[in-house]
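Here is the structure we will look at, set down as structure tokens.
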Amino acid sequence: MFPISALSARVRALLALGLLAVPALAQSAGNSMDLTMPTLKSAAASTAPLALKVTAARVVAVPPGIEDTSVFVTLTNPGSRPVVLTSAQTAVSAHAMLMLTVKDAQGLTGMKATPSLTVPAHGTLVLDDAGPHIMLMGLKRSLKPGEVVTVILRDRAGHTLSIRAPVRKP
Ligand SMILES: [Cu+2]
């Protein structure tokens with residue numbers, strides 16, 4: 001949604017940390033077993049996938065050459081406990097970050113990274129361009145309108161939810 005130049009120093013610092021982690025990820029990506037084993041382990045440790053209802057999932061289409069975009073989705077929690085999301089990931093971008101939309105003292109709209117987003121018990125969390133959202137940073141290729149991108153959300157206990165989000169023009 002926003003040019004990279006709009007990122008706060010804090011986000012840049014977080015990105016730098018993320019970039020530091022890339023060599024380790026790239027190494028394990030070289031061997032599909034390395035990717036599969038931790039997934040199986042965490043699935044065994046978790047009791048069930050995240051029980052959230054997903055509606056209005058979409059990825060914002062951006063022109064070729066633009067490397068960042070946003071994921072919007074409405075998440076409804078039928079359960080009696082809040083679901084605290086702590087990370088997102090997708091195969092189509094180097095990073096996925098949980099973000100808040102904020103206004104500065106001059107009234108200018110920007111965004112900042114947040115360590116978590118909460119879907120309240122018996123409630124709904126709307127991710128959109130005016131509020132919290134997920135940023136995909138460092139797209140590995142241009143996304144075609146209509147194609148479906150898989151985005152995985154993870155909560156603080158390691159439970160995951162796979163979201164299928166079609167690419168849509170804003
Ligand atoms: Cu944004």
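The values are calculated or read from the model by the stated rules, or taken from the named source; none is laboratory data. Remember, it's a predicted structure, so these values are computed and weren't measured experimentally. A quick note on method: Cβ atoms are made from the backbone with ideal geometry, for glycine too, and the neighbour counts reach across all protein chains shown.
Assorted remarks:
- Restricting attention to region 150-160, the residues that are more than 10 Å from S87 (Cα to Cα) and either surrounded by 20 or more Cβ atoms within 10 Å (Cβ to Cβ) or not hydrophobic (A, V, I, L, M, F, W, C) (or both) add up to 3.
- Scanning region 109-124 for residues being more than 16 Å from the ligand (Cβ to nearest atom) and either free of Cβ contacts under 8 Å to residues at least 12 places away in the same chain or not hydroxyl-bearing (S, T, Y) (or both) gives a total of 6.
- Restricted to strands (runs of 3 or more DSSP E) entirely inside region 49-95, those with at least 2 residues that are closer than 22 Å to T114 by Cβ, hydroxyl-bearing (S, T, Y) and touching a residue at least 40 places away in the same chain (Cβ under 8 Å) are 68-76, 83-90.
- Some residue of region 91-103 being closer than 18 Å to R168 by Cβ and among the hydrophobic types (A, V, I, L, M, F, W, C): yes
- If the condition is being within 16 Å of the ligand (Cβ to nearest atom) and closer than 20 Å to D155 by Cβ, then region 58-76 contributes V71, F72, V73.
- Residue match in region 101-109 (condition: touching a strand residue (DSSP E or B) at 6+ places or on another chain (Cβ under 9 Å), at pLDDT 95 or above, under 17 Å from T74 (Cβ atoms) and of a type in the set (S, T, Y)): yes
- Within region 126-147, considering residues that are within 16 Å of the ligand (Cβ to nearest atom), over 13 Å from the mean Cα position of the chain (by Cα) and not acidic (D, E), the one farthest from A56 (Cα to Cα): L143
- Residue count, region 96-122 (criterion: assigned to a strand (DSSP E or B) and under 19 Å from V54 (Cα atoms)): 7
- Checking G79 against (1) within 13 Å of the ligand (Cβ to nearest atom); (2) over 11 Å from the mean Cα position of the chain (by Cα), the condition it does not meet: (1)
- Among the residues of region 131-170, just one is aliphatic (A, V, I, L, M), assigned to a loop (DSSP other than H, G, I, E, B) and at pLDDT 95 or above, namely L143.
- Flag for T150 being of a type in the set (S, T, N, Q) and within 16 Å of the ligand (Cβ to nearest atom): no
- The condition (being more than 16 Å from the ligand (Cβ to nearest atom), within 27 Å of S142 (Cα to Cα) and either of a type outside the set (A, V, I, L, M, F, W, C) or touching a Lys or Arg at 6+ places or on another chain (Cβ under 9 Å) (or both)) is satisfied by just one residue among Q106, Q89: Q89.
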